[in-house]
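I have a structure I would like to understand better, so I am pasting it below and will then ask my questions one at a time.
The values are calculated or read from the model by the stated rules, or taken from the named source; none is laboratory data. Quick caveat, the model's predicted, so the values are computed rather than measured. Cβ atoms come from the backbone with ideal geometry, glycine included; neighbour counts cover every protein chain shown. When the accessible area is computed, the model is the full protein with side chains, heavy atoms only, and any ligands, DNA or RNA have been set aside. Shrake-Rupley method; radii C 1.70, N 1.55, O 1.52, S 1.80 Å.
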Amino acid sequence: MPAPIRAIRTSSLRTASLPSFELVVHTTATDLLQATLPTLLRHERSANIILSHAYKIREEEAAGLFAHTQYPRLWISVWSMPTTALSPATPTSRFASSTSPAIGCRPQLEIVLSCCDWSLGTYPIFLWTAAQPSSLSADWLNTRMVALTRRLRELVPEQRVYSVFAANPVAKAFTKQWSLLTGAVVHPEPFYSASYSFCTLQTLVPERKGPLPAGHRLRRASQDDLMAVAQHCQLFAEESVYFPETDDAAVEEAQQLITKRALWVYEIIADDEDGVPVISIACVCAVTRTSANVAAITKVFTHPRFRQRGCAERLVRHVTKEQLTTLGKKMVVLYVGHTNSAARVYDRVGYEGLCDKPKVEGVEDWLELGFENSDRGHW
């Protein structure tokens, strides 16, 4: 069984200008959600990774599965303890339960750190903040990252932390403190540098290219597509450079996506040179992180043979529209690399703040920064 949750008050880090804060370690998603769900739901767009992963893992816990790897699965939440509620003379506050700060302290959830895994390996360290990342001061970030990195080092082996993915200032602050604490060497180039964007019914751009050509179809993937989808998964991983995928892992990932009905394909049926109809999967698009009002597109890949034909734009628009209409989501979110030409596709579909357009509220820059000589996972 998982170890009990432990709460640690970091009163020594309080300054005259900054409120104190406490860290809470959660060893189950159930406990995390009991403590943080109201705040995460208020920030459902920005908390998409933390929230959707917690929902999935809570389902696994209900089925008796608590980890896929040898590393512990845990979360650390950071709670502000305002100076109006706590003073140096106040006894150290205790949490009323294993998951909730004590009533009367009026704490506010500030940060959630996720250190989790899935069937294909460990995830990066994910970090989310309730505040707009651009509004955070260096002092505020540094004091909390010092506390988080120290606590994380006590809980997991150093080699488990192969990268961190968060909004730019948060990722940089964590990386700096983790490197100072452990001596870990930061990879010279970011693993991923991306825009976090979103699309709503109001921003969705209608299809302007007319009906699909004969023999073309947009549909959910079926079991018959398994090997073609696996090839797309493997090619997608190869283009990411840092997270290649074996043949077996690609098949496993494809099987999961198909079984969960989380993948859509652009199908083209055309005669070969002998006049025999051949079915080809030109493009895939996955939706793998969902909550009540938000869905995330997470894997868009067009086979090199079918690029520059508009397949990805049609498929992404189709999937986005289905999420917003048929499935009733209020918005669809995605990450796209700053140098990825796919940004133009998403911009044409209606995703905000891309292609040098103004960054509206909710569009952020995120970084995945990696560490050398670590036990690299997969995501």
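Grab the Cα-Cα distance for Tyr242 and Gln132, subtract it from 0.36 nm times how many residues apart they are, and report the gain in nm with one decimal.
Net length gain for the segment: 36.7 nm.
Obtain the nm distance between the two label points defined at Glu207 and Gln159 by a simple spin-label model: each point lies 7 Å from its Cα along the Cα-to-C-beta direction.
The answer from the label model is 5.1 nm.
Between Leu226 and Arg106, what is 0.36 nm times their sequence separation minus the Cα-Cα distance? Round to one decimal in nm.
Numbers: separation 120, 0.36 × 120 = 43.20 nm, distance 5.10 nm.
Fully extending the segment from Leu226 to Arg106 adds 38.1 nm.
May I pose another question? Apply the Karplus parameterisation 6.51 cos²θ - 1.76 cosθ + 1.60, with θ equal to phi minus 60°, to every residue of the stretch 316-329 and state each ³J(HN,Hα) to the nearest whole Hz, in sequence, with x for glycine and proline.
Here the 3J(HN,Hα) series is 4, 4, 4, 5, 4, 4, 4, 5, 7, 10, 4, 9, x, 6 Hz.
Carbon and sulfur together cover what percent of the accessible area of the stretch 147-306 at a 1.4 Å probe radius?
54
How many nm separate the modelled label positions at Gln70 and Val278, each set 7 Å beyond the Cα in the direction of the Cβ?
It works out to 4.5 nm between the two label points.
Relative to 2.2 N^0.38 Å, what does the C-alpha radius of gyration of the stretch 273-337 come to as a ratio? Two decimals please.
Details: Rg = 14.4 Å, N = 65, 2.2 N^0.38 = 10.7 Å.
It is 1.34.
Hey, another quick one. Run down the aspartates and glutamates and flag those whose C-alpha is under 14 Å from the C-alpha of Lys172, throwing out any fewer than 8 positions away in its chain.
Within the straight-line limit of under 14 Å, Lys172 reaches these aspartates and glutamates: Asp139, Glu189, Asp365, Glu368.
So, one more: Enumerate the whole-percent occupancy of each 10 Å bin, from 0 to the last occupied one, for all C-alpha pair distances of the stretch 186-291.
12, 32, 35, 18, 3, 0
For every other residue with a beta carbon closer than 15 angstrom to the beta carbon of Glu245, add +1 if it is Lys or Arg and -1 if Asp or Glu, then tell me the sum.
Counting the neighbours of Glu245, the net charge comes to -4.
Can you work out the base-10 log of I(q)/I(0) for the chain at q = 0.06 1/Å, using the Debye formula on its C-alpha atoms alone?
Ignoring solvent entirely, the Cα scatterers give -0.25.
So how do 261-273, 69-81 stack up, highest first, on mean other-Cβ count within 10 Å?
Working: 261-273: 16.8, 69-81: 21.5.
Listed from highest to lowest mean packing, they are 69-81, 261-273.
Convert 25 °C to kelvin, take the viscosity as 0.890 mPa s, use the Kirkwood radius over C-alpha pairs of the stretch 204-351 as Rh, and evaluate the Stokes-Einstein diffusion coefficient in µm²/s, rounded to a whole number.
155
Quick one: accessible area per residue over the chain, 1.4 Å probe, rounded to a whole number of Å²?
Heavy-atom accessible area per residue stands at 46 Å².
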